[in-house]
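Contents: one structure, followed by commentary.
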Amino acid sequence: MKELKIVVPNNFKEFGVLVNEHIKKIRGTDENYIIDLDLIRFNNGEGKCVINESIRDKDLYILSDVSNNSVSYKLRSIKNNMSPDEHFMDILRILSAECRHASKRTVIMPYLYSSRQDRKESRESLDCAMSLELLVTMGANEIVTCDVHNKGVMNAIHSVPFENMYLTDTMLEAWIINEDIRSKENIICISPDEGAMKRARFHSEVLDNAKIGSFYKYRSQNITDGNAQIKEHRFLGNEDDLIGRVALVTDDMIDSGGSILDTAKQLKELGAQRVYLMTTFAFFSKGIDKFREYYECGYFDKVYSTNLAYIPDEIKNEPWFELVDCSYNIANVINELNYGRSIGELIQGRDDVLRKVRKLREERVGK
């Protein structure tokens, strides 16, 4: 076992501190694992990384939230909020400053940079594959991400492990306890589009084969803000299955929220008793006014999401938002990797998830 060191840029400070504390508790020590480094910005926007302590022959873990839009710097005296491109470039700077002195370098990006640009259909860039290749070129020995948009992007790299974590058990556990979910007979797992159907099936299986439903997006050919606009959401299935049920709408992310909110509204109009929205990453790229409006109208009951991506305090305090802390999950993975042990059950232990959630639900029913 090599000495453990964790690199935490400003975009993941709060989360990194939680991970550090969890590892200290797991190991029963007061040792600090976060290294001292500076990510410096010049007035023209260029930057550099300076590592202020020895990392030679250490086991290095780089944590980064490339989606965090709250980190800013002065660009020619103007406040500039950092973009995912700039956050990713800082990861490359850290690897460059480390200069392969560490024994192993693991990059942990819960939200994988450029994961939405995961395939090439015409004369367009293939950003996700390109970024993964850059990480490997710069010395990354392993890449860990969470609930990646398309797991097939791992095919872009062949010489290093690509680990994709699912936080299903942690999120469902929070939902079951907070909402006092007891019976599978009243639950229907909903996919907001055809792309999330696999996720809905998995949630259904974990919830003892609860019913499943899906919506289909009819898109126009017009591209606005980089996306084909949605003309209509249509429910595929028996609408009678929705009447009086608790609907759990699951997806990997909320961007603007228009699609998932329209799904929630239709579910309520079709007779669902309660509607919960569960997503790994909640970006709220167009603000939360529409979420507030739909919540007040009773179209959904709560949004469940994780702290794996930046969430402003104003959103954390909303009555309709529930934050699920996943810092222990990441800390546990780092700890096991540092000891050279398998993380298979931690990242995709389907049977373990089933056992855990079923045991929890049995306890709830017994109360």
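The values are calculated or read from the model by the stated rules, or taken from the named source; none is laboratory data. Fair warning: this is a prediction, and the values are worked out from it, not measured in the lab. Neighbour counts run over all protein chains shown; Cβ positions are idealised from the backbone, glycine included. Just the protein is used for accessible areas: all its heavy atoms, side chains included, with ligands, DNA and RNA removed. Shrake-Rupley method; radii C 1.70, N 1.55, O 1.52, S 1.80 Å.
Numerical summary
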{"read-out": "In order through segment 191-203: 3J(HN,Hα) via Karplus (6.51 cos²θ - 1.76 cosθ + 1.60), integer Hz, x for Gly, Pro", "value": "9, x, 7, 5, x, 9, 5, 4, 5, 4, 5, 5, 4"}
{"read-out": "Cα pair distances in the chain, grouped into 10 Å bins until the bin that holds the longest one, percent each", "value": "5, 23, 31, 25, 13, 3, 0"}
{"read-out": "Relative packing of peptides 20-26, 209-215 - highest average C-beta neighbours within 10 Å first", "value": "209-215, 20-26"}
{"read-out": "Largest-first ordering by accessible area, 1.4 Å probe, given options Leu134, Leu261", "value": "Leu134, Leu261"}
{"read-out": "Lys, Arg +1 and Asp, Glu -1 on Cβ, resulting dipole of segment 74-163 about Cα centre, debye, nearest 20", "value": "280"}
{"read-out": "Point-to-point label distance, Lys198-Asn150, nm (Cα→Cβ direction, 7 Å offset)", "value": "1.1"}
{"read-out": "Net dipole in debye of the chain [+1 Lys, Arg Cβ; -1 Asp, Glu Cβ; about Cα centre; nearest 20]", "value": "320"}
{"read-out": "Cα centroid of segment 153-218 to Cα centroid of segment 303-320, whole Å", "value": "19"}
